[in-house]
Amino acid sequence: VPGFVKPSLFLCYFFLPPPLMLGFSALLAYSSASKARETVRKISLNGILVETDASYSLPSQVRKRALEGCTCQHSHSGLALHAVKEIAHLKSLLLSLVLPALQQNTRHMYDLQELSRKCC
C-alpha cells in the first residue's frame, strides 16, 4: 500500500493497549538476534514473557553441546531458564529478581491464580 509505513516494534509497544507483552526465547543468546536483544534492553521487564514452544530452537549453550555429541535435539520448557538468564544479563539485573518478575508476567498475561505453597 503506497504511503503505508510499518510501525516499529517500539511504537507497537507504546501505543497498543496493555497488557501487551513480547515473548522471547533462548535464541536471544545468538549473535544473529541483535534486534531482539536491543528490544529486551529497551522495554520494561513487566512487558516480557519467556517463550517455551520453539521446539527446534535450542539455546546456543545447548546447541554447542549437541554438536559435541549430547543427545538433546529438541527444545523443551525446561530450557526456558536460558532465556531468563539472557534477559537478566541484557537488563543487568540479578537472576533472582528477573525470574519472579517473569513468573508474575506469565500469571498476569494468562490470568493464572497464585499457586499455593501449601500441600493439601
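Assorted remarks:
- Annotation: amide H-H contacts under 5 Å for Val50 (H modelled 1.01 Å from N, sequence separation of 5 or more, or interchain): Phe24.
- Segment Leu81-Leu97, length gained on full extension (0.36 nm per residue, minus Cα span): 4.4 nm
- When each of Ile43, Ile87 is scored by the number of other beta-carbon atoms lying within 10 Å, the sequence from fewest to most is Ile43, Ile87.
Coordinate-derived values only; no laboratory data. On a predicted model such as this, the values are computed, not experimentally measured, just so you know. Positions of Cβ are generated from backbone atoms using ideal geometry, with glycine treated the same way; all protein chains shown enter the neighbour counts.
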